[in-house]
Amino acid sequence: MVLSINRNSKKDTTIYTLYWDKGGANMATHAVFEELGVSYEMIEIDLSKNMQKSTEYLAINPNGKVPTLVHQGQVIYESAAILMYVLDQHPESGLAPDTGSPRRGVYYQYLFWMSSSLQEAANRWAHPEQYISGEHNLQQVKDKANDVLSHCWDIIEKELANNGPWLLGDKLSGADFHLFMIAHWSQRYASRAQDWTHLNTHYQTMLNRASVQEMMAQEGLL
Ligand SMILES: N[C@@H](CCC(=O)N[C@@H](CS)C(=O)NCC(=O)O)C(=O)O
């Protein structure tokens with residue numbers, strides 16, 4: 001399915017193309033497109049049909065994973081990198097701290113850390129078979145991932161309690177969209193972000209944003 005959102009705005013000199021799957025790691029950038037009000041098209045890569053491993057898609061993203069962004073002919077993969085790149089095209093949005101400001105460092109910190117620690121643990125919990133051969137020790141992989149997830153939620157909970165309501169304090173940023181995405185996935189995990197007080201408030205607040213609701217409606221998640 002190809003979804004085209006064309007807002008015919010004068011600033012839309014190029015359109016973003018995002019390869020996606022329902023509820024995949026595309027959710028954060030998709031919501032950010034809505035938040036920014038830019039034009040974009042979404043090309044569905046149905047993971048249930050293994051489309052991510054097709055020759056055509058592997059030629060675009062050799063990892064065989066979604067999301068992938070194409071902008072001005074440039075292919076970019078990795079959800080956090082895509083999010084940061086898109087926000088750098090729209091500095092007026094204020095969703096990414098100014099380059100060189102101390103907050104920019106914290107913004108990098110959270111996006112890199114979520115990508116390499118939180119999101120990675122989420123993947124290990126959801127897909128333990130990707131990390132170990134055979135079926136005997138899958139539960140051990142999940143148990144360990146569960147511990148890491150809970151530890152990560154503890155870290156974020158403390159940060160939100162002391163310096164919230166957003167990851168960067170009083171200012172919403174792209175990092176909050178990435179956190180929302182992983183928190184949303186976690187509803188089916190043993191370690192759910194929603195079981196931490198401030199994380200749950202963050203999740204519900206993000207969920208109620210018009211941009212997030214629109215993204216979820218378009219992805220068939222409501
Ligand atoms: N680190 C990558 C992970 C992307 C990822 O794991 N995507 C999943 C969907 S949420 C996927 O495409 N899985 C298909 C597969 O592994 O075959 C990112 O953040 O972009």
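Every read-out reported here was derived from the displayed coordinates using simple, explicitly stated rules and does not represent laboratory data. Predicted model only: the values in this text are computed from it and were never measured. Glycine gets a Cβ as well: all are built from the backbone with ideal geometry, and neighbour counts include every protein chain shown.
Beyond 17 Å, what percent of the Cα pairs of segment 97-137 remain?
Summing the P(r) tail past 17 Å for segment 97-137 gives 50 percent.
Rounded to whole Hz and in sequence order, give me ³J(HN,Hα) for segment 70-76 from the Karplus expression 6.51 cos²θ - 1.76 cosθ + 1.60, θ = phi - 60°, writing x for Gly and Pro.
Ordered by residue, 3J(HN,Hα) equals 10, 9, 6, x, 8, 8, 9 Hz.
If I model segment 169-222 as equal point scatterers sitting on the Cα atoms and use the Debye formula, what is log10 I(q)/I(0) at q = 0.20, 0.21 Å⁻¹?
Per q value, in the given order, log10 I(q)/I(0) is -0.72, -0.79.
Per residue, how big is the convex hull of the chain when only Cα atoms are used? Give it in Å³.
Looking at the chain, the number lands at 127 Å³ per residue.
Return the calculated 222 nm mean residue ellipticity for the chain, to the nearest 500 deg cm²/dmol, obtained by summing -39500 (n - 2.57) across DSSP H runs with n ≥ 4 and dividing by the residue count.
That comes out to -14500 deg cm²/dmol.
State which entries of K65/K158; K142/K171; K22/K142; K49/K158 exceed 30 angstrom in Cα-Cα distance in the structure shown.
From K65/K158; K142/K171; K22/K142; K49/K158, over 30 Å: K65/K158; K142/K171; K49/K158.
What order do you get for H127, H202, H184, H136 when you list them from fewest to most C-beta neighbours inside 10 Å?
Final ranking by Cβ density, sparse to dense: H136, H127, H184, H202.
Report Rg (one decimal) and Dmax (nearest whole number) for segment 126-189, counting Cα atoms only, units Å.
Both quantities, over Cα of segment 126-189: 14.9, 47 Å.
With 10 angstrom as the radius, rank L118, L95 by how many other C-beta atoms surround their C-beta, starting from the fewest.
Ascending number of Cβ neighbours within 10 Å: L95, L118.
Sticking with the crude label model, points 7 Å out along Cα→Cβ, report the distance from R103 to S117 in nm, one decimal please.
Simple spin-label model gives 2.2 nm for this pair.
Give me the percent relative contact order of the chain, please, defined on Cα pairs under 8 angstrom at least 6 residues apart.
Reported as a whole number, the value is 20 percent.
Whole number please: convex hull volume per residue of the Cα set in segment 23-93, in Å³? Provide the component values of the computation, followed by the final result.
Values: hull volume 6.1 nm³, N = 71.
Enclosed volume per residue, from the Cα hull, is 86 Å³.
Which distance in nm do the two modelled labels at M1 and E56 give, with both placed 7 Å along the Cα-to-Cβ direction?
1.8 nm
Would you mind pulling out the separation of the Cα centroids of segment 134-181 and segment 101-123, in Å?
Here the two parts' Cα centres lie 10 Å apart.
Using the count of nearby Cβ atoms within 10 Å as a rough guide to exposure, how do T205, T68, T197 rank from fewest to most?
Least crowded to most crowded, the residues run T197, T205, T68.
In nm, give the distance between the simple-model label positions of I76 and D88, each being 7 Å from the Cα along the Cα-to-Cβ direction.
Placing both labels 7 Å along Cα→Cβ, they lie 0.6 nm apart.
If segment 61-132 were replaced by its equivalent ellipsoid, with semi-axes equal to the square roots of 5 times the Cα gyration tensor eigenvalues, what would those be, largest first, whole Å?
After diagonalising the Cα gyration tensor, the semi-axes are 26, 18, 7 Å.
Projected area of segment 102-209, taken from the Cα convex hull and averaged over every viewing direction, in nm²?
6.5 nm²
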